[in-house]
Amino acid sequence: MASQSQIYAGAFADPVFSAQSVFKSLMDGFARPGQIIRLEASSIPPAPMGAAAGAVALTLCDHDTAVWLTLALGKSAVPQWIAFHTGAPVTDTKTDARFAFVEKGAPVPGFDQFSLGTQEYPDRSTTLVIEIEALTGGEPLTARGPGIKDDITIAVRGLPEVFLDFWSANRAIFPRGIDLVLTSGDSVLCLPRTTRLVRQEV
């Protein structure tokens, strides 16, 4: 059972200012896909949720946004922590979730298991927040698309081998599809569904 300190502690010291700061950082991240952005506001959520993922939850989740959590997150104090600080309900149904959180090292579900929105309302899709080992030092991928001048290289570490297959299938159904926030430590890297990723030739 979660202790009261696990549930009540670890949120933003200045909730309004911090949430505004993180929201601006996330909007900048989606406007400039593939850029690593350090969040100025910090949170200390219960393990195994990471700091940046906790900050995203505190900023984006509210009583109208159902949240899906992995099995490990769901068995921790994270559901009570999110509920206390944001009012967001936790759902076991992936397609009902507006936000889904995956901790570092956990299996990443197929993106098509979540809500992909509709042609009329593509914004009614799930945003996945996935904590990974690192936002640098991994396999280099070329990213192209809106918000990227020419192309850039991203090299995140800790995504599954099938990630590019998931992502290509996600792009193929545009304007439907999920958006992705990758987190590590206190930093994020955002990938909207419009971003194309390809392996670099050796």
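The values are calculated or read from the model by the stated rules, or taken from the named source; none is laboratory data. This is a predicted model, so every value here is computed, not measured. Please note: Cβ atoms are built from the backbone with ideal geometry, for glycine as well, and neighbour counts cover all protein chains shown. Each accessible area value is taken on the protein alone, full model and side chains, heavy atoms only, with ligands, DNA and RNA left out. Shrake-Rupley method; radii C 1.70, N 1.55, O 1.52, S 1.80 Å.
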Q. What are the residues in region 144-173 that are open to solvent by less than 60 Å² (accessible area, probe 1.4 Å), closer than 22 Å to residue 123 by Cβ and either without any contact (Cβ under 8 Å) to a residue 12 or more places away in the chain or among the β-branched types (Val, Ile, Thr) (or both), if any?
A. 148, 173
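The rows are residues; the columns are (1) touching a helix residue (DSSP H, G or I) at 6+ places or on another chain (Cβ under 9 Å); (2) over 27 Å from residue 147 (Cβ atoms).
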residue: 15; (1), (2): yes, yes
residue: 24; (1), (2): no, no
residue: 31; (1), (2): no, no
residue: 39; (1), (2): yes, no
residue: 49; (1), (2): yes, yes
residue: 78; (1), (2): yes, yes
residue: 95; (1), (2): yes, yes
residue: 99; (1), (2): yes, no
residue: 111; (1), (2): yes, no
Q) Yes or no: residue 17 modelled with pLDDT of 95 or more, within 26 Å of residue 197 (Cα to Cα) and either among the hydrophobic types (A, V, I, L, M, F, W, C) or surrounded by 21 or more Cβ atoms within 10 Å (Cβ to Cβ) (or both)? A) no
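Does residue 84 satisfy the condition of being over 29 Å from residue 198 (Cβ atoms), part of a helix (DSSP H, G or I) and among the aromatic types (Phe, Trp, Tyr)?
yes
Take region 1-57 and flag every residue that is of a type in the set (D, E, K, R) and part of a helix (DSSP H, G or I).
Across region 1-57, the qualifying residues are 24, 28.
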Q. So, of the residues in region 44-97 that are in contact (Cβ under 8 Å) with a residue 40 or more places away in the chain and in contact with a Pro (Cβ under 6 Å, 6 or more places away or on another chain), which turns out to be nearest to residue 188 (Cα to Cα)?
A. 54
Q: Could you grab me the full set of residues in region 106-121 that are open to solvent by 80 Å² or more (accessible area, probe 1.4 Å) and either touching a residue at least 12 places away in the same chain (Cβ under 8 Å) or under 17 Å from residue 67 (Cβ atoms) (or both)?
A: 107, 112, 113, 119
Q) Can you name the residue in region 32-60 that is surrounded by 23 or more Cβ atoms within 10 Å (Cβ to Cβ) and touching a Gly at 6+ places or on another chain (Cβ under 8 Å) and is also modelled with the lowest pLDDT among such residues? A) 43
Q. Do we have any residue at all in region 174-190 that's farther than 27 Å from residue 54 by Cα and either surrounded by 19 or more Cβ atoms within 10 Å (Cβ to Cβ) or in contact (Cβ under 8 Å) with a residue 12 or more places away in the chain (or both)?
A. yes
